[in-house]
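Before any comments, here is the structure.
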Amino acid sequence: MESVSSIASHVEAIVVDGANFCESSPSHSTAQGPPYVTFAKAYFRHVHRAYPFLDKDEVLKSASKLSNLDLWRQDSDSMKLGLVMAIGSTTLERAGKISTETSMNLRVPYPDILSQCLRSPGMDSLRILTLLALYSLFDPKGVATWSIVGILTRQAAALGLTRTPPEPNSLISHDAELRHRLLWSIFVLDRMVAVSVGQPVGLVEENMDIPQPSITVEEFASPDRVELASLLQLNRHIIQLRQLEQEILSVVYLPNAAEVSKMVAVDRKTIVEQLRSKIEHWYGQGCLVSLPEPDNIPIHNTITWLNARYYNLLILLYYPCHFNSQSRHTQCGESLNFIQKYVHYNRVLLENRQLPLNHITLNRFLPVCLALLYCFGISRRCNCNFAGRSDLPGVINILRQFPPTWRVAHRTASAMEEFGELVATHEGNSSTLLVRATFSDDIPFQSATRTWLKALQKSLLQIVGEALGRSSTYLYIDDWDNVQKSPGSSLGEPSQRESTPTSLDANSWTFTDSFELGFL
């Protein structure tokens, strides 16, 4: 097991001075604090903004006193500090402040930490589990974040964190506020993970009566009150984002399919319009809290991050699930436009080293890949290029940025590269057919395209199922295989009209039938 001193000897002297990171000499870094304090400060400059449940002064004080100790002793303070430093290391690595070789490559002992938290449930165990879940987002070989969050949310409910204590005045204001912030941090994490995998949330909020994070009297009297107030304002905006994501998940994806089928188109349209209005309102509010930063370590208050989240919400809202089945053809064009914008802003984040290469980023791109495949499949026009083709290089490039240990990302990238080849091949064949077609021509049916597309569909669904879970709502794309209900007759077996796969009847074929040879 690596000790802190052995790690510190390999870390460059990067010093946190207020909001700025700068390189300095080892002698100067000693005056400012040991190098591993930098990891803790990086945590508070980035992660703490979305999850402000730790006492910053207490953690930094503990980090400054740490020397030559094993981080993973069987006590809560050691585990908390170790996880804070490990998460801070991933932040600095993402921002390009340290290299992979000098990052804090600790082997986090998941079994020991989980065992400790299960044996001794309490506020400390909730904080440790929250930190462990946040760290696991960056670990492709660790315990699944979804599983850790499941334990976390049940412990939080069992300990009564969602309800006001019977004697609320028994806690001093500072402790009470940290308790509230812990609950809302768990809330945000639970919703983010649930939406990323397309599964129900674990923390039920119907009976929650805990106020959202607010500034304490002590914080208001401190010289940092402006910064703290801005941080909590941003945190509330992130809470609203997760609430909105959960509402879309609950209304659009999780209702009983039979009940959704009974809904008429006008009712579905009304619901979509209401959710769209909430998304626009959230985005407008976000523009007010987006501020320039001196470096690329924090990301949650940047306009690029806001735009990426905005288009991700729209992709979720118009995803080709059962709820949107009655308008899937008209919405496909919109979805492709949202995907194009989403990929663009993620590429900007990547170029600025503000895109975290973790499970959340990967999981958000998997439904995007399925949606691209679906929109190609149901498109009926063969006299133009597939609108989503230009997005494929961006998607593939982002997926390829994940380290080699992220096998799902690279398998998905390979599948999308094959999809690009399929699109190019089909567009070439379709152009040739349109040029050569006459009213008396026998036009060969492109059964090879259908076979290729179905094989690619099956491969991609398998990859997504392994990553998100076999019951993920994103796997259930409506009418993908039902050509009797799909005008495009795209991915299923040939319909009655296509009973002769090798050629069309020259006597019955008309010019308009040439457009049926579109994206098969």
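The order of the peptides 249-260, 227-238 by mean Cβ neighbours within 10 Å, most packed first, is 227-238, 249-260.
Here K262 is the anchor, and the lysines within straight C-alpha reach of less than 29 Å, apart from those fewer than 8 places off in the same chain, are K278, K485.
Under 5 Å between amide hydrogens, built in the peptide plane, is the criterion, and for T164 it picks out D209 among residues at least 5 positions away or on other chains. Straight-line cross-link partners of K61 among the lysines, defined as a Cα under 22 Å from its Cα and at least 8 positions apart when in the same chain: K41, K80. Given 37 °C and 0.692 mPa s, compute D for the range 34-247 with the Stokes-Einstein relation, Rh being the Kirkwood radius over Cα pairs; round to the nearest whole µm²/s. The Stokes-Einstein estimate is 184 µm²/s.
Beyond a 29 Å Cα-Cα separation, which of these cross-linked pairs lie in this structure: K97/K141; K141/K341; K56/K97?
Working: K97/K141 24 Å; K141/K341 31 Å; K56/K97 22 Å.
As for pairs spanning more than 29 Å Cα to Cα, those are K141/K341.
Each reported figure results from applying straightforward, stated rules to the coordinates on display, with no laboratory input. Every value quoted in this text rests on a predicted model; they were computed, and no experiment measured them. Note: ideal-geometry Cβ built from the backbone for every residue, glycine included; neighbour counts use all protein chains shown.
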